[in-house]
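Chemist: One structure coming up, written as structure tokens, with questions to follow.
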Amino acid sequence: MKKILAILIIVFCFSCKENTKENYTLFSGKIENPKDVKVSILKGRKKVKEIPLQKDGSFADTLRIESGFYNLSHGGETSEMYLTAQDNVNVTLDTEMFDETITYTGLGSQNNNYLAAKYMANENANINVAELYTMEESEFLSAINDIKTTKLELLNNQKDLNTEFARIEAQNIEYDYLSFIQNYASGHKYYTKNPEFKPTPEFLKPLENLDYSNQHDYTTISNYKSLVQNYYTRKINKIDSISDIFEWINKTAFPELKEDLANTLQYRIVPNNEDNKAYYEGIMSIASDKAFKDKLTKNYNNIQKLSKGQPSPKFENYENHNGGSTSLDDLKGQYVYIDVWATWCGPCIAEIPSLKKLETQYHDKNIAFVSISADVESAYNKWVDMVKEKELSGIQLIADNNFKSQFIVDYAINTIPRFLLIDPDGKIINADAPRPSDPKLIELFNELNI
């Protein structure tokens, strides 16, 4: 490891002499109990670099990057980092306690040790969201002021932070405070079950003069990004005409925001939506990333094939929790209600009680209830255990390649839970069927005389 690191340092210094305009970050570390053969450096959703691990879990490489926030990713876990050009950062961690053990040394380590401490402080604060948003305005403001003060104290107690980083973090804390205010109305409505609630004008005053067009802050400060996205989402939800939505976005949004809104709005293109074409054309007008547009086009074309009466895409030889394997063709001659889910999906798990009740209610009818897990290979044992622990009934299967499984791709499933209803001849009845908890599902079953 020392020999590799020495070579990298020599190469790094030689590069600086040859071209002083090039700036690199030297990044190294060691991972105990590695879960993968590499670590990845991410910038938002984009992968900056993959660094292979040595046999002892160590790694080292140079990164040609701009100063800013990145994520270290390994084995399904991530940690936020702030890196600047010419940093020399070394990180150590144990995957058995990823967040608790992550430690940085070297030039630039102070910023990252602060971020690790901030994450743990947020975890340990264990804010009761339901309790917080149930509060009345004055009590709520007092609570979020306390949260803001605690975060500022942690920041101000740090030594030797990068000046620009410290400035960004202070702004991030302020934007976090404003996000609480922005989300109060919807949160209070939800937790108090009072859909008519409206906050007072005085309460909302801090948001009055907030500029939602600051492109620099959007690309550098995570909480400002959330504020802007929430603002646009709320505005979009109030616009009736789809063409007006995209006309407004094109007039007001900067490029990075357009890309993020395109990524969010793509999920409105779903089977049985008569507005799919309008959304597709609108998203294509605001998106510029070719890979995204190609994927969207493929997804849109797939969804066009999922209308009622079309032959259903098939799965073959999916592992059955009870042993052996099951294919869709095995179930021909009966209706098939399919739940695509995963063990990590909260909304999926929330549907389990309703699904079990439904299966009991229709156990002697001509319908098969199938649950297909989209879990990754590393979560296989978790799937096996959860089916047992929750006593899941019906036909419990696991897809052959998680979200990349052909059946899931053919049904254009990119969010879960997703429910499908197929007729006894193997044709689609509904490629985005009501959830088990939705009374409309029973209405649909009744219409079909199931």
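Chemist: Would you kindly find the accessible area of R418, with a 1.4 Å probe and non-protein molecules such as ligands, DNA and RNA excluded, rounding to the nearest 10 Å²?
Modeler: 20 Å²
Chemist: Can I ask one more? When all protein chains stay in place, what accessible area (Å², nearest 10, 1.4 Å probe) is found for L296?
Modeler: Accessible area, nearest 10 Å²: 0 Å².
Chemist: Per residue, what accessible area does the chain have, given a 1.4 Å probe and all protein chains present, in Å²?
Modeler: 54 Å²
Chemist: Next up: Which lysines, on any chain, are close to K159 with Cα under 28 Å apart, when same-chain ones fewer than 8 places away are left out?
Modeler: Hits, sequence-local ones excluded: K30, K43, K118, K148, K151, K225.
Chemist: State, as an integer percentage, the relative contact order of the chain based on alpha-carbon contacts under 8 Å between residues 6 or more apart.
Modeler: 9 percent
Chemist: How much length is gained on full extension from N33 to S325, taking 0.36 nm per residue of separation minus their Cα-Cα distance? Don't skip to the answer; put the middle values down first.
Modeler: On the way: separation 292, 0.36 × 292 = 105.12 nm, distance 3.34 nm.
Additional length available on full extension: 101.8 nm.
Chemist: For region 259-327 and region 34-69, write down the distance between their C-alpha centroids in whole Å.
Modeler: 31 Å
Chemist: Going by accessible area, probe 1.4 Å, with all protein chains left in place, what is the ranking of H216, H363, H321, H74, largest first?
Modeler: H363, H216, H321, H74
Chemist: Another question, if that's okay. Using Cα centres only, tell me the gap between region 135-172 and region 392-416 in whole Å.
Modeler: 42 Å
Chemist: Where the only charges are on Cβ atoms (+1 Lys, Arg; -1 Asp, Glu), what is the dipole of the chain about its Cα centre, to the nearest 20 debye?
Modeler: That gives the chain a dipole magnitude of about 1000 debye.
Chemist: Over region 12-137, what relative contact order in percent results from Cα pairs under 8 Å that are six or more residues apart? All intermediate terms of the calculation are to be shown ahead of the outcome.
Modeler: Working: 218 pairs, mean separation 29.0, N = 126.
Relative CO of region 12-137 lands at 23 percent.
Chemist: Mind checking which of A287, V228, A262 is farthest towards the positive end of the chain's charge dipole, using Cβ charges of +1 (Lys, Arg) and -1 (Asp, Glu) about the Cα centre?
Modeler: Going by the Cα projections, it comes out as A287.
Chemist: Further question on the same structure: Test of understanding: what is the full-extension gain from N301 to D289, defined as 0.36 nm times their sequence separation minus their Cα-Cα distance?
Modeler: Details: separation 12, 0.36 × 12 = 4.32 nm, distance 1.84 nm.
That pair, N301 and D289, stretches by 2.5 nm at full extension.
Chemist: Here is a follow-up. If R₀ is 22 angstrom, what is the calculated FRET efficiency for the pair N194 and D438, using the beta carbon separation as r and rounding to 0.05? Could the numbers behind the result be given before it?
Modeler: Working: r = 23 Å, r/R0 = 1.04.
Efficiency computed from Cβ-Cβ geometry: 0.45.
Chemist: At a Förster distance of 45 Å, what's the computed FRET efficiency of K357 paired with N183, Cβ-Cβ distance as r, to 0.05?
Modeler: On the way: r = 33 Å, r/R0 = 0.73.
Here the calculated transfer efficiency is 0.85.
Chemist: Can you bin region 263-405 into rounded, prolate or oblate? Criterion: square roots of the alpha carbon gyration tensor eigenvalues sorted a ≥ b ≥ c, rounded for a/c under 1.5, prolate for a/b above b/c, oblate for the rest.
Modeler: It is prolate, given that a/c is not under 1.5 and a/b is the larger ratio.
Chemist: Right, here's the next one. Over what distance in Å are the Cα centres of region 177-226 and region 351-374 separated?
Modeler: For region 177-226 versus region 351-374, the Cα centre distance is 40 Å.
Chemist: Oh, and also: Taking the Cβ of F254 as the center, what net charge do the other residues with Cβ under 13 Å away carry, scoring Lys and Arg +1 and Asp and Glu -1?
Modeler: On the way: positive: K225, K251, K258; negative: D211, D217, E256, E259, D260.
Summing Lys/Arg as +1 and Asp/Glu as -1 gives -2.
Chemist: How high is the relative contact order of region 73-231, in percent, counting Cα pairs under 8 Å that sit 6 or more residues apart?
Modeler: 18 percent
Chemist: Hey, another quick one. What's the FRET efficiency of T134 with Q86 using the Cβ-Cβ distance as r and R₀ = 51 Å, to the nearest 0.05?
Modeler: On the way: r = 49 Å, r/R0 = 0.96.
Plugging the Cβ-Cβ distance into 1/(1 + (r/R0)^6) gives 0.55.
Chemist: With +1 on each Lys and Arg Cβ and -1 on each Asp and Glu Cβ, and nothing else charged, work out how big the dipole of region 372-450 is about its Cα centre, in Debye to the nearest 20. Display every interim value, and only then the final one.
Modeler: Details: 8 positive and 13 negative charges, 31 e Å.
Using only the charged Cβ atoms, the result is roughly 160 debye.
Chemist: Given a 1.4 Å probe and every protein chain left where it sits, what share in percent of the accessible area of the chain is carbon and sulfur?
Modeler: 48 percent
Chemist: Considering only protein heavy atoms, what is the solvent-accessible area of E247 at a probe of 1.4 Å, reported in Å² to the nearest 10?
Modeler: In the full protein context, E247 sits at about 90 Å².
Chemist: How large is the helix-only mean residue ellipticity at 222 nm for the chain, computed as the sum of -39500 (n - 2.57) over DSSP H runs with n ≥ 4, divided by its residue count, in deg cm²/dmol to the nearest 500?
Modeler: Here the helix-only value at 222 nm equals -14000 deg cm²/dmol.
Chemist: Take each of the peptides 191-202, 80-91, average the number of other beta-carbon atoms within 10 Å over its residues, and list them starting from the highest. Before the final figure, lay out the partial values.
Modeler: Details: 191-202: 10.0, 80-91: 19.8.
Those peptides, ordered most packed to least, come out 80-91, 191-202.
Chemist: Scan (1) 23.2; (2) 25.5; (3) 22.5 for the value of Kirkwood radius over Cα pairs in Å calculated from this model and give just the label.
Modeler: (2)
Chemist: Next up: Given Cβ point charges of +1 (Lys, Arg) and -1 (Asp, Glu) and nothing else, what value in debye, to the nearest 20, does the dipole of region 331-432 about its Cα centre take? The partial results should precede the final answer.
Modeler: Numbers: 10 positive and 14 negative charges, 20 e Å.
Dipole of region 331-432, to the nearest 20 debye: 100 debye.
The values are calculated or read from the model by the stated rules, or taken from the named source; none is laboratory data. Predicted model only: the values in this text are computed from it and were never measured. Glycine also receives a Cβ, built like all others from the backbone with ideal geometry; neighbour counts cover every protein chain displayed. With ligands, DNA and RNA removed, areas are computed over all heavy atoms of the protein, side chains included. Shrake-Rupley method; radii C 1.70, N 1.55, O 1.52, S 1.80 Å.
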